[in-house]
1. Quick one: would you say residue A:181 is assigned to a loop (DSSP other than H, G, I, E, B), within 14 Å of another protein chain (Cβ to nearest Cβ) and within 19 Å of residue A:104 (Cβ to Cβ)?
2. Scan the range B:254-292 residue by residue and report those that are within 10 Å of residue B:310 (Cβ to Cβ) and under 31 Å from the mean Cα position of the chain (by Cα).
3. Do the conditions hold for residue A:156, that is, is it modelled with pLDDT of 90 or more and within 14 Å of chain B (Cβ to nearest Cβ)?
4. Of the residues that sit in the range C:8-31 and are facing another protein chain (nearest Cβ under 7 Å) and more than 28 Å from residue B:710 (Cβ to Cβ), which one is surrounded by the fewest Cβ atoms within 10 Å (Cβ to Cβ)?
5. Output the number of the condition that residue B:82 fails; it satisfies all remaining conditions of (1) surrounded by 22 or more Cβ atoms within 10 Å (Cβ to Cβ); (2) more than 14 Å from every other protein chain (Cβ to nearest Cβ); (3) touching a residue at least 24 places away in the same chain (Cβ under 8 Å); (4) not β-branched (Val, Ile, Thr).
6. Got at least one residue in the range B:738-757 being of a type in the set (Asp, Glu), free of Cβ contacts under 8 Å to residues at least 40 places away in the same chain and out of contact with any helix residue (DSSP H, G or I) (no Cβ under 8 Å at 6 or more places or on another chain)?
7. Take residues that are touching a residue at least 60 places away in the same chain (Cβ under 8 Å) and of a type outside the set (A, V, I, L, M) and tell me which of the strands (runs of 3 or more DSSP E) falling wholly in the range B:421-509 contain 2 or more.
8. Which one is farthest from residue B:328 (Cα to Cα), of the residues in the range B:206-237 that are surrounded by fewer than 20 Cβ atoms within 10 Å (Cβ to Cβ) and more than 10 Å from chain A (Cβ to nearest Cβ)?
Amino acid sequence: MSSPPVNPLTVLLAVVFGVSLIGFLRGTDTNDYDFETPLRDLAEGDHGVVRPAVPYWEMRNSPRGDGPVLAADLAALEGAVPSRTDAVDLTGTSKREALADRAEHRAYFGAPPVIPHPVRQQTEAECKACHENGVRISGHQAPPYPHEAYVSCTQCHAMAEPALPWEETTPADPRAVDNSFLGVASPTEGERWTGVAPPVIPHMTFMRERCVSCHGPNGRDAMKSTHPDRQSCEQCHAADASIEQRPGGR
Amino acid sequence: MTTDRRSFLKLAALTAATTAASTAGASSGIDPALAKRMGPGVRWDKAPCRFCGTGCHVQVGVQNNKVVAIAGDVHADVNKGLLCMKGYHVGLILYGEDRLTKPLLRKNGELTPVSWDEALDVIADRVELDPKGFAFYGSGQWTIPEGYAAQKFMKGGIASNHIDPNARLCMASAVTGFIATYGVDEPNGCYQDLDDCDVIITWGNNPAEMHPVLFSRFMDRRSRGEKITLIDMSTRRTRTSAHADHFLRFNPQSDLAIANGILHLLLRNDSWDKDFVEKHVNFRALEADKPSLKGEAMDFEAWKTALDPYTPEYVSEISGVSVEDLHMLADLFGDRDKKITSLWCMGANQHTRGTAMNCLIHGVHLFSGHIGRPGDNPTSLTGQPSACGTAREVGTLAHALPGGRLVAKEPHRTQSEEFWNVPAGRIDPKPGKHTVAMFKSWSTPKSEEGGNIHTIWVQVTNPGQTLPNRNLLMEPGVKDPDKFLICSDVYPTATTEIADLVLPSSMWVEKSGVFGNSERRTQQWFKQVDPPGQARDDCWQIIAVAHKLFERGFEGMKDKDGKFLFHMDNPNGGTFANWDWNRYYDQNVDEHLFEEYRQFTRLKHKDLAPYSEYVKTRGLRWPVVEQPDGTWRETRYRFAEFDDPYVKPGSTHDFYHSTTGDGRAQVWFRPYEAPPEVPDEEYPMWLCTGRVIEHWHSGTMTGRVPQLRGSMPAAYCEINRQDAANLGVSNGDMVVVESRRGAVELPAWIDGRGSPPPGTVFVPFFDERVKINFVTLHEHDPFSKQPDYKKCAVRVRRLEA
Amino acid sequence: MPIVSAVLYTREDKRTDLMKDLRADTRIDVGTIWADRVPVVVDTPDRTQDKAVWRRLEHHPDVLRVELVFADFSDVHQEVS
């Protein structure tokens, strides 16, 4: 409660500076990628040959695409983003800490989190700048929103600390009493019918349509998917009718 | 001790503690191993949200007799799964630690616990002291059965018409505006207008904060690529203004002039809807002698002439709105292809000419033909969750009877007496005292003229914080030993602080209920958790007091056959002891009362369906009409042939409750009139009061939710930058805001959440420590009796340390 | 030099201050948190400090109650009761 909120302007400038720095360094980096030669020259010789598809279970280990261009591209990119193929710790301390951390901002699992920094919000662009895709800067994570875009962000998201630009000195609030509400907790894992089956989604998918926001590269480490290369999540991961507001559910 | 041994011991200690922590049983009542998580362990049921008039539906998750989660109800037509921050945290309002759990009687200045039986005796004593001086101050947050029980108790029982709701301070001008225009209350359209309109005009309200889900409903259409124009007319910049395409700032009270200016331009441009006006409109003016809502016929030429002065230049001078913007508004209304929805709430209602303002907004839509098709409607937004359903439809107003009837009309009294099975002549034909008059009388000594109200029973509202000009309306009564105040509430409030008897009450899903929202949608819910301590339902409290009086032989509590006024049969024979709290939920008292009340609703075509229908749905919009196949069909658009079954076939539009009896709506001439108190040399600034999204009304519930309180903990004086500089005030400086009536001290916030123009300050009223209503004005609209909280004259100065 | 461990019962949504205080004190180790329960070990040079730490934890606004698990005073020679 006593740490100062991160000033969005400082964050923005840090991003700009960081990006420029990376760009500069990147530009001076010697690299075997050939910017000059047009692509079709590199792909010459591959016309007309049909390659067998790579089996699913070998996809992770096989080189992406056909040509050296894409392979080189990926290798260079992999240096710039957090590694997506590192083993993800889904058990134990870090996952519990991640869930406890999430719970700190939510009255119950499923509640819209309170905003840990003061905002004014005049337009939705102010929020989208950091939260549309998520931004990670020097230890702070601006999580991407898991629901589709809405316009009036502060309709649902209260502030953890008020935007009042002064230290409160008014007399004690008689309504500042304790509240004994105990909200429902976050699920820790989805059920699987066998050890290796894809887990059932243990939470509502309404307002959580963008799986990648919590489970993708800009999510918390302990919640990341083990297979971020697969994009069609609901192909394998079923929802649970007893949780979803669906016919037969509730 | 060696380091090895130390380390070993520490490790052992930590392991032991961790094991203890992981396998410990329920600490605060919930065992995580029992899956305190989404899934079969949590029971879900529907309920409307406890807060605003939007009437969103929520799904309430209950486990171990406690609310543990809230989700937006995806099957609800109103909100389609979305809520606002108050709705998402509505589950927490039940669990503030200082819930009232015992009846409390003030003895020697201290509130001391008493039994329910003793409390009921005290109330019965006060009734018997002088039944005609017993008053009931109710609420637009009353459920329909609660309001109906109070209405029957007072008007059909005690035969006192001194029952009035807090909706008097909230929606009364909207009611009189509807009645003066259409002859019957409540909007013609529904929320579907928000889905279909091209243009939204806000007339002095701030839906981004006050009806957030409705605001999103039309604003999110923009994100989906639709072209929708928002025109915000307001006396200050708000969060709504930030999203608007056009922001028109107007001077307080000049909204009257703006509406007249639009009518003037429609005439000048010849762009009014001649066909519609010819077939469906009459023109009205106030009677010179004894003005009333009926008015008298006004010749069209006379009406036109009356509008002559409202040239754009004149209106611009009074209002501060530019001539271009006035032309823009008139051009929009002159374009029949544009679908325009007007929204308004407290800015137009809490107005000393609130009835006029409501009539004028209806008038602009009627005259330009922008009415009666989806997206094209004047839509009055209601503030409270059941001001429509309870206060207005059940008629818990000093002059009204259920179903749109009036105490002054003999056929209406006769019908009500028949439905209630009470002796003919029981109902008093003289309207009782409306809110301001009720409290004024309560604050007048009984020996003086007009001091006959000796007791007021307050339920589900907080007049100690929300009545205007409290020094005039409440303080004298508080000090007067002959006057008694009973307060049924859930938390300690500014009213319980001064009450003589405090009754702990059940809250929201701790009881069953029925609400009616802003689009005529009646919605039902069942009790889902138990209330704490000895808190009991407000409805039971009324029935129990009634039975106490019945036991004492009080005539008013007997019906025509000598039976208890609230008599209900047991299905297996015998009487259902509904006054006995332990038996109260043996049957569904709500259903009994609702089915009795339903009969009243046919007269004004506000037909309600059977209770069981509402159980199945997320609400139904009345009139709900039974179809040949036995299903019940709701009505989205009234008075329009394509949807309203009561419209005469072939007439396209039929205002079948027209005050002129010819199926026409009334367009009134109402001039601009200056407010009763304007800034002058002594008090040079305007004070506007209102709300913020975090807090509901006087903040007694939301103030106890940590997430909401944390987001907006304290009231502030929102002040313009230039004014602050002139006064030598910076952010956080304590200032005194003072009027002729009272003063408060609070911190200043330059601009604040909204931005006032120079010469205006804004103070939200949710903070118990800053009772701004000691400062506000009690002057009210002559027809609706609704006070004007939005404009009075104050002076602001820096508080010297 | 007493080594004492206990489980602190807290509210999951209201213990930010407590966690900060615990982490700031080098004499206190925090174990794996389970729901509303925080296991801690307190390792202090003497009984006086030990008492002071526990008194502070017991009265900490975020702590609902303390349940003792393990205490070792085998190293403490001078008894100050």
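The values are calculated or read from the model by the stated rules, or taken from the named source; none is laboratory data. Because the structure is a prediction, the values reported are computed rather than measured. Note: ideal-geometry Cβ built from the backbone for every residue, glycine included; neighbour counts use all protein chains shown.
1. Details: assigned to a loop (DSSP other than H, G, I, E, B): yes; within 14 Å of another protein chain (Cβ to nearest Cβ): yes; within 19 Å of residue A:104 (Cβ to Cβ): yes.
Taking the combined requirement at face value, the residue satisfies it.
2. Answer for the range B:254-292, where residues must be within 10 Å of residue B:310 (Cβ to Cβ) and under 31 Å from the mean Cα position of the chain (by Cα): B:256, B:257, B:258, B:259, B:260, B:261, B:262, B:263.
3. Numbers: modelled with pLDDT of 90 or more: yes; within 14 Å of chain B (Cβ to nearest Cβ): yes.
The answer is yes for residue A:156.
4. Among those that are facing another protein chain (nearest Cβ under 7 Å) and more than 28 Å from residue B:710 (Cβ to Cβ), it is C:29.
5. It fails just one condition, (2).
6. Restricting attention to the range B:738-757, the residues satisfying the condition of being of a type in the set (Asp, Glu) are B:738, B:745, B:751.
Add one more test, that the residue is free of Cβ contacts under 8 Å to residues at least 40 places away in the same chain, and what stays is B:751.
Checking the rest, the ones that are also out of contact with any helix residue (DSSP H, G or I) (no Cβ under 8 Å at 6 or more places or on another chain) come to none.
Checking the range B:738-757: not a single residue is of a type in the set (Asp, Glu), free of Cβ contacts under 8 Å to residues at least 40 places away in the same chain and out of contact with any helix residue (DSSP H, G or I) (no Cβ under 8 Å at 6 or more places or on another chain).
7. Details: elements: B:455-459, B:484-489, B:501-504.
Qualifying strands (runs of 3 or more DSSP E): B:455-459, B:484-489.
8. At the first step, the residues of the range B:206-237 found to be surrounded by fewer than 20 Cβ atoms within 10 Å (Cβ to Cβ) are B:220-229.
Restricting the remaining residues to those that are more than 10 Å from chain A (Cβ to nearest Cβ) gives B:225-229.
Working: B:225: 24, B:226: 21, B:227: 17, B:228: 15, B:229: 12 Å.
So the residue we want is B:225.
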